[in-house]
Each structure stands twice: as C-alpha cells, then as structure tokens.
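For reference, the structure discussed in these notes is given below.
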C-alpha cells in the first residue's frame, strides 16, 4: 500500500457556501459550519487526509478564516501551512499558487487537490482510490476522481471515460450540468462519473500545464507570490499584485483543455452538500418523506425538511408539502424544496438591503475562542465570551463603554491597569471606560464569561489594542 | 345621545387563543399578545368602552392573568373589578356570575357582554350601535350585535333576522358555521349577520333567562359565589364549588333558546382575529399577494404571510405560495395557509411532548414587570429583568443559586440581609446563596437589570418568599 508520503494535500478552503444560508454565512461558511454531526466539513477533510500518511497539508484560505483553519488543524494535532488569498480568484490561481509554493520549497512530488466542503465518509475507500491513481500521476497524468453516479443528477458536471470499468480510466470529455434526459442517457450508457473536483497531479506536471494553457495567469501568480510574507503558519501574497490575477476555475482554465486526463472511479458514498436538499438527503426520511433535525415538530407534513439548529428555538411545520425550513439563532429560511439551488439569491437580497444576517452570525469566532451577543438594546449589550484554554484576548481599552464581567465557568486571569487578579467562577470584575485591560484563560479548561456592556456607543470598533497574541491589525476584530 | 351610564361592560377575558400560536400562548394569550400595532386587544377593548361613558367594567379573567388585567386598566387610568374564574367553564357561567355579582351590588341596569379579543377600530360606530340597542334592552330584549357580512365567510356563526334593514331587527334563527354554498346563499338573500358574541341585556332579564333555561347552572354559580373572597380588585368564587358548575357557551345555554332576541347590525370594520389568516388580513397585501410584518424578506413568494415578531431575527421566504410563517424569540410556525384553523393541533402536539413553548413565552410577566431568560446553560443563566416604576419584587432568598445584578437602566434599591443600598446604572451588586434580598424600583423610570445566576440548580421554584406586595402564594411565581 502506498503511504502517500510524497503527496501534499492542497485543500481549497475559500468557498462561502451561500446556498446553505442561514447556517453558512461569510463569517462562518459551509466548510466550518456545524452541518454534519459533531464535526464540520473542513475537519472531516483534514481527517480524511490524516489517515493515509499524507504529507502535511497546504491550505488555501481567506484572511477572515485563518484562525479557524489553524484551530481545526490544532484540534486534530496536525500542522499545516496556510496560503491566504487576498481576494477570491476562483480555483485556478489558488491551485497554481499552491504548486508554485510547493516547488519553491523543494516538494516536487504530487499534490492532491480537494475541496474542503464535501462529505466522503469512507476514508479507507478514498485512500485506496488515491493509491489507485498514483501510478497514473507518476506517469505525468492529471488524475481526476469520478463519483459513480447513483441517479440522473442534474446538479453536477460529468466526466466521460473511454471505458466504463477499471481502476483507472481514460477521460474523453467533460460535460456541464446536464438536463434530465441527458443525465438519464448518461446513466444508462455507463462510463460517466460525477466530477467531484478532486484530482491528483505531480507538481511539475501541474505547472507545465499552467505554462501551456495559462501562461499569463501563471506569470501573474508568480509575480504576486514573489515577495510572499510569512507570519507563523500564514503566507500572504502581495495583495495589489494578486488583484491582477485573472479569476478562473481550474476546470475551464486547465483540465478541460488537456487531452491526457485519467479518472479513478470512486463508488463510496459522496456528497457535495451543495444545497439544502443534499444536506438533508444525508438523513433517512420518515414514512411521510420528512427529514427532521433538532428541536422541530411536523404536524401533517409530507416531503418536508425541518431543522432548528438552536436548542432554544422550536420550529413547527403544519400541513406542509415540499418545504425546507432551517432556523438558526437570528435567521430563518423557509423555502420551496424545488428552489434550494436559489438560496444564494436570498443572500444577495439581504446583502443589498444591508441586513447583517446576510453575512454575519451571532456567534463571532476569534483566534482566542468566540463570543455571541445575547441582547443589544440602547445603552447596553450582553455578551457571552468563550475563551479557549491557554488563550487570551488582546490588551485593550474602550473609549465609550464600561464592562462588567461575571465568570460563569472556569477561572479568568484579568489584567486591569497593570494589576492582575484571578477571577473565579461566580465572581465578577468591573472595567471602567478607558481602563487598559486583558482577559486571559491560564487554565486547561474553557473559560466562560458573561459580559455586560454599558455605554452610549457599543460598536465592536471601539477598541484600542496595545498588544495582541495574534498580530491582528488595528482595525481587525 | 345615551351616555351609557347605566351599562356595565362585562369583558370576557378567559380565552387562550391557541390558534394564534406561537405568539399567543397560555402565559400571554391572544388578548394580551402584541398582535396589533402598539397595543393589545384587551387594551383596545377597554378603550372602546371607556369612550362612551360606560360604568366601570367588570372583567372575568383567569387567575394567571389577573395582574395583566389590572396593569392594562391602570395604564388607561381605569378602575375595574376582576372576577377570577378558578377554572374555565365556557361563557355561560362567567356571564351569569357577572350578572349575579352586579345584582348583588345594586346594579340593576344593563350589561354589555363583549369578548376581549376582537378588533373593532370604529369606536364611535360601536358606541352608536350600543345606543341603538338600548331601547330594546330597556324593553327586556336581549340585543345581539350582528356584523354586516363582507363575504361568504365559513368561519363564523350567522344571525338570521326577519328584515334585512333597520337599526334594530328581530332575530328569527341562529346558524352554525356554514358550508361555502350556504354562506353564499345567505349573503345573496340578505338579513344575515355574523355573530360577534357581543350582546346587551338588562341584568334582571339575563338572570330571568338563566332561571328559565339554566336553573341548575344558575344555582351552582350562586352557590360558588355565595362566599366570594375579595382581595383588592380581585374577587374569587369558591374553587371547589366552581368545579360543580356545568360548562356551556352562552349561545347554547341561553341565547339560542330564546324567542325574543334583537339584533343591531354593525357595518363597521370588525375582526375576531380568529386565526393567522385573519390577523394578516388586517394588513393590505402587496402586488404578489404577500403580507409582510417585521424583519422579513420574501424572495419570489406569492400569497404568503410572513411575520418576525422579534427584531433580532430575520425570517426569509423563498419561492413560497400560500404559506404562513410566524417567528417569535423561541418558536417558529410554518403553516400551509389553508390550515391556519388547525394551529391549535400544534399546541396539543407540543403539550403532549412536554415542549415548554406549547404554553410558555421566554418573556414572563409578573405583577412588578417582566423578565426574560437570555440564555440557560449548565451552571448558569442570564436574565433581563424589567421592573416597573414604583414596583418591587418580593423579599426572597434562594437555596441553590447566587445572583449578580448589573443595572443597565434606571436606579435600583437593593435590600440584602437588612442592608439597603442604591445601585445606579452601570453599577452591580452580588447576592450570595441564602441572602435575604429584595429588588425595588423607587423611581418613576423603568429599571432594567441584567441578572447572572450561577449555581447547580436554577429553577424558578428555588425561592423562599418572606414578603410580597402582591399577596402571591408560596408556590406562585
């Protein structure tokens, strides 16, 4: 068995997953959202490539989610490097950047490019498929992984192969998302596979293909990363130069232009969780065709999917047929099940109307943990802060608000104007306007603090930072 | 113009309005819920009978809502007496009790019986209709008020009159909620009116009719109120004896058995807000037939009614047709618009499953104001308390929890173990397990306190009361 030591997983983590609003939003997109069981899709992706003794992964992510990436990896005891895209440029520039970075750092083995937001429960089967593709990759082929179709799906692109069976097939064409009739025909004919966007290729081969098909893009990316800056695990290309990189998908830019692509069929369970219907499809339906998650109740409903993600909110359907409803803390979507592909329209409408729920969750993840606003009213706000073990917030002060902290779990170490004190569970402390202060968790247990803010202005931007463990910019939260 | 001085409005306030879940629940039923504009239906009902110089009203309500009744009346500067039904016995016993009470207290004029949960915006027209009925009532008639139908409604009972026009008509029959064909026929024929459950009758006549048609019920009610106890404005019949009173509606028990009933037609706007469709019908629809309230967004929806009652929650519909969705703090209903009459089934299902949202709101109204739970988690809970001006909580202690109070608006007067102190906005105070304490608002401004509870048990029943301004029972909250 191949141990994958010469393979670097390149995980694309820049997607926003707006079709899964309201659970997935810019502030916590699909790959980090609690969509499946206990973990999230990014974590499951990391697990998938931790089991086959791959090299440490290279992640391409956006600035906003860098601490998420690091924390998830740390939770699994994994190390990784994170390439931070200054702006989304679709998949081709991200992958070329990854290849250039690997090459520059002496890795001329193979790269396994994979999305961070797919569900592939069969890790062993996945690993075996990668093994099956290695010989072809070593023979300078770009090796796609095709999902054996289980029905005439119209939501995926298809890979057409020369033969219908075998461990490694030759690709003869790619097909866009088909109409139903075409999908049925392909299913009947055989030799067609769903394009999961996963592929294996040697670094040299990928760069050669880029040189051949996208010389300008390659040059622009090379230029942008020539003076890449490093900050611990984070690598940043030049933001101005990155703007000049053309945006295109790897499929259009390179793969569909090649004529020697291989495809390894994968018949294990797979889902791209691309819309709410596919998220619910992971569950079995009850006898009425309903799929129910969390605190929900269906009265006389059929073919209806209900999910309340918040255990303090009850969602009830009455007499519904073909409805999908998802409730979170601060936003609820009720959609006709035939329209789940259009959920991104909601995000566009809310964005245009300036509704914060378009992009922001109530729970705000920070490198030290997270906080959520429990209530905002004129003159005061109540938050719950969760500080990770051994983490601390920045040393800061506020011009317009005072803060009362009540420790409700764990022990806080609080610094106020140079004086440090321990604040135990069921104790409180007061931070006056202007006080220079810092909240820290010096223990191995989580710290939970209820923060009551009072003041005429309570915006997150009322903060002066004197020192920060996470090198966050002045205006950054 | 008759000034109504000899008319006592008898307001029936015992309904639970379960067809308007989740906004209406036992803890704050329909007549007190914020269904219409700024006020609530009970308040509007009080206003309606405050404008025609009626006598002070007599309210029949349940024990659970007595402070609500009093507070609403006080807000309008009105005095009232409140008969507290120990248990719901439908409308006939409540009305007979009211008549007996009026008679015993020297009022032998007229009583105007009216539900507390209807919407009748035209107070002047309403008052004129009452005037029109007075002569008939003085001639010992029971005078119903019939709403001129605006369509073939199948959700109401109908009053059939001998003539179709005139200020006071003779009633020849009552009809149950009809099928559509029958409703259309009645509308075409004329002389039919919707039965709004409002009637005017002299106290003596009502008692004579009870004697004639319901001698046993009359005797049972007489028995239950023989030793009625008074506690300020509250009057309580004997609970054990009340149990023996048969439950029946005034329509079945008396009105439909009489042969000399009058009907005053009322052509002003009226709604019983009997289900969600009729609540939304108060609003105009947009060009797609949608009615939208609060923080909601409709994308490609038609004939859809959406309401988010909570300004921190966004409700979005996508591609819906004929859906009604109502979101509150802790519960969301999504119903097929053709099923709004069946919303009470939801309450039954939730009740059976022991789901608190069946009957309880997050906001809990108390005689001193209200509180709401912002978050409950193992070991701690955060509440927001709103104390009315010049009100105070009971003197109490807790065995299992400590409390941190942060004043975020107003000024609190706090008593802890015999020591009293003022706690201003942006100050806090700590109440240890076992401390005897009291929170008071001695000012003319509302007081808002954030309470952080910590402890192993946080139930509302962990309370020892030493003194209470509101004479609440030991186990009562």
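Along Cα-to-Cβ, 7 Å out, sits the label point; list in nm, shortest first, how far the one on residue A:287 is from those in the other copies.
The projected label point of residue A:287 is separated from its counterparts by 4.8 nm.
Please report the spacing between the Cα centers of the stretch B:166-214 and the stretch A:307-326 in Å, no decimals.
42 Å
What shape does the stretch A:166-222 take by its C-alpha gyration tensor, where a ≥ b ≥ c are the square roots of the eigenvalues and a/c under 1.5 counts as rounded, a/b above b/c as prolate, and the rest as oblate?
prolate
Label 7 Å along Cα→Cβ of residue A:460; the stretch A:308-337 residues with amide nitrogen under 20 Å?
The answer is A:328-332, whose backbone nitrogens lie closer than 20 Å to the label point.
Let me have the relative contact order for chain A, percent, based on Cα pairs under 8 Å that are six or more residues apart.
Over chain A, the number comes to 13 percent.
Per the helix-only calculation at 222 nm, which mean residue ellipticity applies to chain B, given -39500 (n - 2.57) for every DSSP H run of n ≥ 4 and division by its residues, nearest 500 deg cm²/dmol?
-6500 deg cm²/dmol
Between residue A:285 and residue A:176, what is 0.36 nm times their sequence separation minus the Cα-Cα distance? Round to one decimal in nm.
Value of the extension gain: 36.3 nm.
How big is the gap, in Å, between the Cα center of the stretch B:437-467 and the Cα center of the stretch A:10-54?
Computed from Cα coordinates, the inter-centre distance equals 43 Å.
Taking the square root of 5 times each eigenvalue of the Cα gyration tensor, what semi-axes in Å does the equivalent ellipsoid of chain A have, largest first?
Values for chain A, descending: 41, 30, 19 Å.
Which distances in nm, rounded to one decimal and ordered from shortest, link the label point of residue A:247 to the equivalent label points in the other identical copies, with labels set 7 Å from Cα toward Cβ?
6.3
Based on Cα positions only, what radius of gyration and what Dmax would you give for the protein assembly as shown, in angstroms?
Taking only Cα atoms of the protein assembly as shown, I get Rg and Dmax of 34.4, 107 Å.
Does the stretch A:85-139 come out rounded, prolate or oblate, given a ≥ b ≥ c as the square roots of the eigenvalues of its C-alpha gyration tensor, rounded meaning a/c under 1.5 and, failing that, prolate meaning a/b above b/c?
Because a/c hits 1.5 or more and a/b fails to exceed b/c, the stretch A:85-139 counts as oblate.
Taking the Cα-to-Cβ direction at residue A:388 and at residue A:38 and moving 7 Å from each Cα, how far apart do the two end points lie in nm?
1.8 nm
Could you work out how far apart the two model spin labels at residue A:122 and residue A:56 are, taking each label as a point 7 Å from the Cα in the direction of the beta carbon, and quote it in nm?
3.2 nm
Calculate the tail of P(r) for the stretch B:7-266: the fraction of all Cα-Cα distances greater than 30 Å, expressed in %.
In whole percent, the share of Cα-Cα pairs in the stretch B:7-266 beyond 30 Å is 25.
Could you state the angle between the C-alpha long axis of helix A:41-50 and the longest principal axis of the C-alpha atoms of chain A, as a value from 0 to 90 degrees rounded to the nearest 10?
Its long axis makes an angle of about 60 degrees.
Would you kindly work out, in nm and rounded to one decimal, the distances from the label point of residue B:155 to those of the same position in each other copy, ordered shortest first, with label points 7 Å along Cα-to-Cβ?
Shortest to longest, the spacings are 3.6 nm.
Over 15 Å apart: what share of the alpha carbon pairs of the stretch B:250-306 falls there, rounded to a whole percent?
Summing the P(r) tail past 15 Å for the stretch B:250-306 gives 65 percent.
Take the alpha carbon gyration tensor of the stretch A:307-466, find the square roots of its eigenvalues, order them as a ≥ b ≥ c, and report rounded if a/c is under 1.5; if not, report prolate when a/b exceeds b/c, else oblate.
It comes out prolate by the Cα gyration axes.
Between residue B:75 and residue B:256, what length in nm is gained on full extension when 0.36 nm per residue of separation is reduced by their alpha carbon distance?
Stretched out fully, the residue B:75 to residue B:256 stretch lengthens by 61.4 nm.
Based on the Cβ-Cβ distance from residue B:185 to residue B:139, what FRET efficiency comes out when R0 is 45 Å, to the nearest 0.05?
Calculated transfer efficiency: 0.90.
Binning at 5 angstrom from zero up to the longest distance, how are the C-alpha pair distances of the stretch B:64-209 distributed in percent?
2, 8, 15, 18, 19, 16, 11, 7, 3, 0
Tell me, in nm to one decimal, what length is gained between residue B:425 and residue B:443 on full extension, where the rule is 0.36 nm per residue of separation less the Cα-Cα distance?
5.2 nm
For Cα pairs less than 8 Å apart in space and 6+ apart in sequence, what is the mean separation divided by the residue count of the stretch B:329-457, i.e. the relative contact order in percent?
Result for the stretch B:329-457 is 27 percent.
Just to confirm the number: angle between the C-alpha axis of helix B:215-225 and the first principal axis of chain B, 0 to 90 degrees, nearest 10?
Value to nearest ten degrees: 30.
No value in this document is a laboratory result; all are computed from the given coordinates. Computed from a predicted model, the values in this text were never measured in an experiment. With ideal geometry, Cβ positions are generated from the backbone for all residues, glycine too; neighbour counts draw on all protein chains shown.
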